[in-house]
Amino acid sequence: MRISLFLIFLLFFNISFSQTTQTIALPLQPPLQLTSNFAEYRSGRFHIGLDFRTYDKNDRRIFSVWDGYVSRVRFNSASYGRAVYISHPNGYTSVYGHLSSFSPEIDSLVTNYQYKNKTFETDIYLSQNTIKIKKGQPIGIAGNSGYSFGEHLHFEIRDTKTSDPLNPLMFFQTNDKRKPIFNQIGIYSLQSGGFLPANVDLYKTILHGETYTTLKEIYVPDTFFIGIDVQDFQSLSYRLLPRIIEVLIDDILVWKADFDRYSFYLDSNCKGIFDHNLGLNKKKQIVLTYSGNVPNTLFYKKISKKGLFTLKDSLPHKLTIIATDAESNSSTLNTTIIKNKKSSPHSNNKYKIFNHQFNTFNTENISIELNINSFYGDMALEQPFLIEKKIDNELVWTIGSKELPILKSFKVIFNKNNFISNKTLFIQTDNSNKIIKSYKPTKDSKGNWFVKMNNTGDFKLFEDTVPPKIYKNNISSLNTAPTNDIIFYVSDNSGVIKSYNAYVDGVWQLMIYDFKYDQFTIPLKKNQKIEKLHVTFTDIVGNKTEKTFLF
C-alpha cells in the first residue's frame, strides 16, 4: 500500500514538474525580428512586452508558447485591439496583442458575446474549462488592430499571481550576436537644495578598441547622477534597450538596473527612470541612475542615496558602465571623472513645489489640487505651475509643461459654475490649436465642476455643439445592395466617439471601430441581403449623427 501511494505521488510530482519546466515554444515562426524591447521608454510609460515584426513573412500565425487555457480575450478600438491571454500551469500568463483575427473557436466566442451584449468593445474573462490550448497551437493571425501603427505581434509574459510583466527574453533567445552601443553619457546636477529639474551636460562616446570611452576627462559637481544613452541593436532588429546596466566607480559596483520585471502600479516611474524631457523632444532613451523621492522601482538591483554620487576628493576616479543584453552580449565604457573644485549647484528657479506636501494652485477661474509625491522630487520651475491668460478674448490655462513629468492624476476645479454646461469640454491643444485631448467635466460632492487628468500643457474650455461627421463611406451613390463589408469614416471635433451602433433591417449589427483611422466596419455575411441600414454615432457630450440607407 505504501509503495502504491509512493508511486502515485511520484507520478503526480513528475507530471507537475514537467508542466512547470516545459520548454517554451516560439509565438511565431522564426526568424524573430524585434522592433521593440521590454521596458523601453514610451512617452511616459514602459513598453511591457516585445514587438515582433511580421509583415514580411508568409506565415503570420501566432502560437501559444505553452499548454494552458484562454483566460481572457479583448477586442478594442484602441489598446491591444484583438488580444488573447493564456494562463499556463507553470504560473505564467502569455499575452498576444494587435491580432488581425482570432482562431475560429476564440472568434466564435467573441462574436457571440458582442451580439448578446450589443457591444463591440469586448473584455471577457474565461474559466479554465472554456477553451483549452496546447503548446504550439495557433490562436490567431498577427496584424495591426488597436493602438498599432504597423503590422506586428505584441507579446508579453506575466506572473499570473501578481500580474507583473516579465521580460520575455528571460525565457527564449533570438540568436542575437550584437553588443550594445554607447552613444553618450550625461552628468546631471540638481539645483541648489536638491530641486528638480536637473541640469545636464552630455558627453559623446567613442569606441576605442573593444571599449567605449569619452573624448576627455569629465569634471563632475559635488553631487551628481548619471544618464546612460546605450542601445542594443539586436540581430535583425531596431534600436532596443539592454537588459542590464551597471555603474562602477573605482571598480566598485555602485548602481545596477535589471529590466527583468515590474509592476503596473509603478508605470508612471518611466518618467523618472528615463530622461522624460529628452525622450519627448529628442527621441532619446537615456536611463537615469536617480530614483527621486518615490518608491524604488523593481528594476533597481543596487542603489543607494537615491542614485546620487559624490566623490570624496579631487583626484581622478575611474567610471565604468557595463551594458548587457538578454543574451549576455556585453559592452563596457571606461572614462575618468574628477571633482570640479569650482563647481557649485546651479541657481534655483523661482517657483518651488515641495513634493512631500499637498499643493494647490489658484487663479480667478480655476483651482488645481496636486497630491503628495506627484513629482520625482521637490521642483523649482522657471514659471508658475498654473498660468491663466486671455488669447483672442478666450481664457487659456498653461498647466506645467509637457516636459514636466507628473506621476499622479490631479484635480482641476472650475471656480465658476456658469463656465460649464452639458456641452462643455476642457481641451488640450497643440501649437496649431488642434485638439489633442478632451475631458468632460463632472460634479463633485460639493457641486463643483471638475476634471481629473494627468496631462500638462495648454488648455481651454470648448463648447461642443457639432455632431460627429460621416466624411466617407463605401456605399454606392445609387444605394445598390452592398456585397462587401460596409465601411464608414467618421470624425468628431472633440476627438472622441463615445458610442456607435448599426441596425440592419431593424436588427443590431456589429460595427468594428478602428480609432486611429476613424474607421467603422460592418462585417457582412456571405450573400447577406440588406434592405435598410441605420447607423448612429455619438460624441462625448451627446451630440449624435444618424443616417439611414435604403437598398
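Does Ala39 qualify as being surrounded by 20 or more Cβ atoms within 10 Å (Cβ to Cβ) and farther than 26 Å from Glu121 by Cα?
yes
Determine whether the range 201-218 contains at least one residue that is under 25 Å from Lys352 (Cβ atoms), buried (at least 16 other Cβ atoms within 10 Å of the Cβ) and not acidic (Asp, Glu).
No - not one qualifying residue is present in the range 201-218.
Report yes if some residue within the range 487-495 is assigned to a strand (DSSP E or B) and either at pLDDT below 90 or open to solvent by 60 Å² or more (accessible area, probe 1.4 Å) (or both); otherwise report no.
Taking every residue of the range 487-495 in turn, none turns out to be assigned to a strand (DSSP E or B) and either at pLDDT below 90 or open to solvent by 60 Å² or more (accessible area, probe 1.4 Å) (or both).
Search the range 111-125 for residues that are in contact (Cβ under 8 Å) with a residue 40 or more places away in the chain and pair each with any residue that is open to solvent by 70 Å² or more (accessible area, probe 1.4 Å) when their beta-carbon atoms are under 7 Å apart and the residues are at least 6 apart or on different chains.
Thr122/Tyr113; Ile124/Tyr113
Looking at the range 336-357, is at least one residue surrounded by fewer than 17 Cβ atoms within 10 Å (Cβ to Cβ) and closer than 30 Å to Met170 by Cα?
no
Determine whether the range 189-197 contains at least one residue that is within 16 Å of Thr289 (Cα to Cα), modelled with pLDDT of 90 or more, open to solvent by 40 Å² or more (accessible area, probe 1.4 Å) and not polar (S, T, N, Q).
Checking the range 189-197: at least one residue is within 16 Å of Thr289 (Cα to Cα), modelled with pLDDT of 90 or more, open to solvent by 40 Å² or more (accessible area, probe 1.4 Å) and not polar (S, T, N, Q).
Out of all the residues in the range 258-280, is one or more touching a His at 6+ places or on another chain (Cβ under 7 Å) and either farther than 20 Å from Gly44 by Cα or free of Cβ contacts under 8 Å to residues at least 40 places away in the same chain (or both)?
No.
Check Ser438, Ser432, Ser445 and return the single one that is small (Gly, Ala, Ser) and over 24 Å from Val496 (Cα atoms).
Every option except Ser445 fails the conditions.
Exactly one of (1) part of a loop (DSSP other than H, G, I, E, B); (2) touching a Ser or Thr at 6+ places or on another chain (Cβ under 7 Å) is unmet by Asn527. Its number?
(2)
Condition first: open to solvent by 20 Å² or more (accessible area, probe 1.4 Å) and under 26 Å from the mean Cα position of the chain (by Cα). Now tell me which residues in the range 72-118 satisfy that.
Arg72, Arg74, Asn76, Ala78, Ser79, Tyr80, Arg82, Gly91, Tyr92, Ser100, Ser101 - these are the residues of the range 72-118 that are open to solvent by 20 Å² or more (accessible area, probe 1.4 Å) and under 26 Å from the mean Cα position of the chain (by Cα).
When you scan the range 282-316, how many residues do you find that are in contact with a Lys or Arg (Cβ under 9 Å, 6 or more places away or on another chain) and open to solvent by 70 Å² or more (accessible area, probe 1.4 Å)?
Final tally of qualifying residues: 6.
If we keep just the residues of the range 44-62 that are assigned to a strand (DSSP E or B) and within 21 Å of Gln234 (Cβ to Cβ), which is nearest to the chain's Cα centre (by Cα)?
Ranking the candidates gives Phe46 first.
Tally the residues that are in a strand (DSSP E or B) and either over 12 Å from Phe462 (Cβ atoms) or open to solvent by 20 Å² or more (accessible area, probe 1.4 Å) (or both), restricting the search to the range 430-446.
Count: 6.
Within the range 358-369, which residues are out of contact with any Leu (no Cβ under 9 Å at 6 or more places or on another chain) and at pLDDT 95 or above?
Result: Glu369, single match.
Which of the residues that make up the range 251-281 are closer than 23 Å to Ser163 by Cβ, part of a strand (DSSP E or B), open to solvent by less than 60 Å² (accessible area, probe 1.4 Å) and not hydrophobic (A, V, I, L, M, F, W, C)?
Across the range 251-281, the qualifying residue is only Asp258.
Which is of a type in the set (S, T, N, Q) and part of a helix (DSSP H, G or I), of Ser108, Ser100, Ser71?
Ser108
Would you confirm whether any residue within the range 516-537 is within 29 Å of Phe462 (Cα to Cα) and open to solvent by 70 Å² or more (accessible area, probe 1.4 Å)?
Yes, the range 516-537 contains at least one residue that is within 29 Å of Phe462 (Cα to Cα) and open to solvent by 70 Å² or more (accessible area, probe 1.4 Å).
This table checks each residue for (1) closer than 20 Å to Asn543 by Cα; (2) touching a residue at least 40 places away in the same chain (Cβ under 8 Å); (3) open to solvent by 20 Å² or more (accessible area, probe 1.4 Å).
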residue: Lys452; (1), (2), (3): no, yes, yes
residue: Gly457; (1), (2), (3): no, yes, no
residue: Lys498; (1), (2), (3): yes, yes, yes
residue: Val507; (1), (2), (3): no, no, yes
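For Lys134, which of the numbered conditions (1) without any contact (Cβ under 8 Å) to a residue 60 or more places away in the chain; (2) out of contact with any helix residue (DSSP H, G or I) (no Cβ under 8 Å at 6 or more places or on another chain) fails to hold?
Condition not satisfied by Lys134: (1).
The values are calculated or read from the model by the stated rules, or taken from the named source; none is laboratory data. Values in this document were obtained by computation on a predicted structure and should not be read as measured data. Cβ atoms come from the backbone with ideal geometry, glycine included; neighbour counts cover every protein chain shown. To get the accessible areas, we keep the full protein, side chains included, count just its heavy atoms, and leave off ligands, DNA and RNA. Shrake-Rupley method; radii C 1.70, N 1.55, O 1.52, S 1.80 Å.
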